[in-house]
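Every read-out reported here was derived from the displayed coordinates using simple, explicitly stated rules and does not represent laboratory data. This structure is a prediction, so every number in the text was calculated from the model and none was measured. When we count neighbours, we look across all protein chains shown, and the Cβ atoms used for this are built from the backbone with ideal geometry, even at glycine.
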Amino acid sequence: MSRFWTDKIASLDPYVPGEQPQDKKYIKLNTNESPYSPSPKALEAMELEVSERLRLYPDPNCETLKEALAKSYQLNVNQVFVGNGSDEVLALAFMGYFAGGKPLAFADITYSFYKVYAGLYSIEPKLVPLSDDFDIIPADYENLDVSGVVITNPNAPTGKALPLSEIEAILKANPDVMVLVDEAYVDFGAQSAVSLINQYPNLLVVQTLSKSRALAGIRVGYALGHPDLIEGLERLKNSFNSYPIDRIALAGATAAVEDEAYLKEICDKTIATREQSVKDLESLGFNIIPSATNFVFVTHPGKDAEKIYLALKEQGILVRFFGSNKPRIGNYLRITIGTDEEMAALTAALKTL
Ligand code: PMP
């Protein structure tokens, strides 16, 4: 007999995360983690927390981390919200700001979690197609009858970035709904919309420590925006899990945000490696979408992406393949930028295929 809860669960279409195999050590170029270790200052702060303070609850308001973020982005503390990975921040934003009304606009090819949250909160997606070159076209976000807009900048899995003027055009076209800009990869060469926050009260920028700050393991993400939007997220969080960030993560995240020199150092390294990898992959006949991220989205006109993915896996190198049934991106691979050595191993392996 069907019951409410079984029907509800059966109707969910959960996100399928990239592989995190535990069986052997791979060169892992499939989930856009940093190949570098986090800031030494973050490691030190986390060790101190472990040795001295774990019997105590963490600060539910994440005050020190919010202060560090506010200082870094030249905002006030009441313009900063912190969550358990940007996935949690996005989930709260979808629940609080997009659910219960009109459809939500986002690109047809983008971070696949949006569709999952939409399903979870019964939000109808209004999918806006990317252009033939995988660009987001701002004019397509005008005159939409929607509850909100989500723009991923740079976009994933394509890696393409929109200039700030085009983000601003989308904000201007949607003054009455929230425009959420997911900037998970912004530090690898795109323009951030943070500078527009004081002008546009409908803008929420979401970022993460998982990529450019090499801290995917501690699960910290954040939102920056008008104090009213932030206050709404705080209310939702406190109605759900008032201690989302543990002590170790809070200490590590705060020290990492304060260490701007280290952030720059590892982002610069990643960008330099990306540019070299683009040349190497092009010389092997791949077509590469211009990337402003720590990954490249590639296809080979004469080769099957699934076969390449499987052959690389066999040789101990993991890249991301989304499935040959996926419209438009079925013959593409997304390759995270690793160290120079890892990328040289990838090139060497590809030469044998
Ligand atoms: N947004 C985008 C576009 C992403 O690719 C990811 C990571 N897969 C996230 C958000 C979530 O990152 P995290 O939860 O680790 O902060």
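Computed quantities for the displayed model
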| read-out | value |
| --- | --- |
| Charge dipole magnitude, Cβ of K and R +1, D and E -1 - the chain, Cα centre, debye nearest 20 | 780 debye |
| Trypsin sites (Lys or Arg not before Pro) restricted to DSSP loop in the range 14-58 with at most 10 other C-beta within 10 Å | LYS24, LYS25, ARG55 |
| Projected-area mean, the range 40-259, by convex hull of Cα positions, square nanometres | 11.5 nm² |
| Theoretical ellipticity at 222 nm over the chain - DSSP helices of four or more residues, -39500 (n - 2.57) apiece, nearest 500 | -11500 deg cm²/dmol |
| Extended-chain gain in nm, criterion 0.36 nm per residue less alpha-carbon gap, ASN76 and ASP132 | 16.1 nm |
| Reduced Cα scattering model of the range 252-328, Debye log10 I(q)/I(0), q = 0.12 Å⁻¹ | -0.49 |
| Alpha carbon centroid spacing (whole Å) that separates the range 202-232 from the range 46-96 | 9 Å |
| The range 43-123: chymotrypsin sites (Phe, Trp or Tyr not before Pro) in DSSP coil with no more than 16 other Cβ atoms inside 10 Å | TYR121 |
| Options ASN61, THR152, LEU162, ranked by Cα towards positive dipole end of the range 40-259, top entry (Cβ charges) | ASN61 |
| Of PRO157, PRO175, PRO125, the one that fluctuates the most in a GNM where the chain has Cα springs shorter than 10 Å | PRO175 |
| Average Cα contact separation per residue, the range 40-259, under 8 Å, 6 or more apart, as relative contact order % | 31 percent |
| Positive-pole candidate from ASN76, TYR121, PRO17, dipole of the chain, charges at beta carbon | PRO17 |
| Debye, to nearest 20: dipole size of the range 228-350, +1 on Lys, Arg Cβ, -1 on Asp, Glu Cβ | 640 debye |
| DSSP-defined beta bridges in the range 40-259 - what % are antiparallel, rounded to 5 | 40 percent |
